[in-house]
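A.B. asks: Here it is: the structure, laid out below.
The values are calculated or read from the model by the stated rules, or taken from the named source; none is laboratory data. Small disclaimer: the values here were computed from a predicted structure and weren't measured. Counting neighbours? That spans all protein chains shown, and the Cβs are built from the backbone with ideal geometry, glycine included. To get the accessible areas, we keep the full protein, side chains included, count just its heavy atoms, and leave off ligands, DNA and RNA. Shrake-Rupley method; radii C 1.70, N 1.55, O 1.52, S 1.80 Å.
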Amino acid sequence: MKTSNILKTAAIALTLLLASCGTKKKVAEEQKPAVVINTGQTEFLNKVTKNMQQTKFITSKVKFSVEVGAQDITLTGNLKMKRDDVIRLQLMAFGFVEAARIEFTKDYVLIMDRINKQYIKAPYVHIDFLRNSGLNFYSLQALFWNELFQPNHVTLAAEDMQKFTTNTDNEDALIGYEDGKIDYSWLANQSTGIIKMANIMYKDRFNGNTQLNWDYDNFKVMENTNKQFPNDMNVILTTPKKEIKLGIKLNYINNETEWETRTEVSTKYREVSIDEILRRFMAL
């Protein structure tokens, strides 16, 4: 497949993940968690939050798999994260040429098309789904870091625990949080408190529901932290019109600190809009 087609396929998946949200799983829809506000719930949620990584940095080589309809490709790249500051994904063509870069900061989302020298730089409030669903930088960070979060909040305080619901009838407990048209749910092991799945469902009775499902697997102890971290993440976006699958396999996880946390966009790049990028990709 040509480099331009590889980039387009990857970019449409990642851009659509920003512009909307979904999953093939029906956990949030079919298994409404029972409201259980008690000491046991608080203790369990505390167990979940104790799994949070204490390190400031997580870096790793990454193997991406992208499936959009009949198109199925694999790319290599890098993931670099600094807690409460930035999440950066670099997609490589042929293993050594950076084809695209996606950067989430506290203030904006940056998507760079290195091959065609185009970019998008927009605050979260300008991206419809992120704004409507309460997914700010800290929510996205929690998804990448395998953590529990409360929409539109920076941190998860102790008093916020009572706003969640839990269903502990099975080996894996279902944690829920409802906010208007959005249902959030997590599946966590009762013994370890490790989150195995996060699910976000945007309910729209007129246009159909959109869901994002984020599965975590292949947990390994992270060096220098003695805490488990998922080496495999599978993201499935299901909209009323299509399904997009993104696989993220981490390799050589480290805690590198010597890297620039902000990307400066060259004047040679042309700024475009989310709508323009989507129109171009949807025409493929």
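A.B. asks: Could you derive backbone 3J(HN,Hα) for the stretch 149-166 from the dihedral phi with the Karplus parameters 6.51, -1.76 and 1.60 (θ = phi - 60°), listing whole Hz in sequence and x where the residue is Gly or Pro?
C.D. replies: 8, 10, x, 6, 10, 7, 10, 10, 7, 4, 5, 6, 4, 6, 8, 8, 10, 9
A.B. asks: Step through the residues of the stretch 239-255 one at a time and calculate ³J(HN,Hα) from phi using the Karplus curve (6.51 cos²θ - 1.76 cosθ + 1.60, θ = phi - 60°), rounding each to whole Hz and writing x for Gly and Pro.
C.D. replies: Coupling constants for the stretch 239-255: 10, x, 10, 7, 10, 10, 10, 10, x, 10, 10, 8, 8, 6, 5, 9, 10 Hz.
A.B. asks: Can you send over the carbon and sulfur percentage of the accessible area for the stretch 90-199, probe radius 1.4 Å, protein chains only? Write down the numbers at each step before the final one.
C.D. replies: Working: 2110 of 4370 Å².
Carbon and sulfur together cover 48 percent of it.
A.B. asks: Arranged from highest to lowest average of other beta-carbon atoms within 10 Å per residue, in what order do the peptides 222-231, 177-186 appear? Present the calculation step by step, with values, prior to reporting the outcome.
C.D. replies: Details: 222-231: 15.4, 177-186: 19.1.
The most tightly packed comes first, giving 177-186, 222-231.
A.B. asks: Let me ask something additional. With Cβ to Cβ distances under 13 Å as the rule, what net charge do the other residues near Asn251 carry (K, R +1; D, E -1)?
C.D. replies: Numbers: positive: Lys61, Lys63, Lys220, Lys249; negative: Asp232.
Its environment carries a net charge of +3.
A.B. asks: Calculate, in nm to one decimal, what Ser191 and Asn251 gain on full extension: separation in residues at 0.36 nm each, minus their alpha carbon distance.
C.D. replies: On the way: separation 60, 0.36 × 60 = 21.60 nm, distance 2.68 nm.
The Ser191-Asn251 span can extend by a further 18.9 nm.
A.B. asks: Counting only heavy atoms of protein chains, what accessible area per residue, in Å², does the stretch 126-191 have with a probe of 1.4 Å? It would help to have the intermediate numbers written out before the result.
C.D. replies: Details: 2700 Å² over 66 residues.
Solvent-accessible surface per residue comes out at 41 Å².
A.B. asks: Order the peptides 156-163, 244-251 from the highest to the lowest mean number of other Cβ atoms within 10 Å of their residues. Before the final figure, lay out the partial values.
C.D. replies: Values: 156-163: 13.1, 244-251: 17.8.
Output ranking for 156-163, 244-251: 244-251, 156-163.
A.B. asks: So, one more: Which value, in Å², gives the accessible area per residue of the stretch 39-84 when a 1.4 Å probe is used on the protein heavy atoms?
C.D. replies: That works out to 48 Å² for each residue.
A.B. asks: Working out 0.36 nm times the residue gap between Glu264 and Asn226, then minus their Cα-Cα distance, what length gain in nm do you get to one decimal? Provide the component values of the computation, followed by the final result.
C.D. replies: Numbers: separation 38, 0.36 × 38 = 13.68 nm, distance 3.50 nm.
Net length gain for the segment: 10.2 nm.
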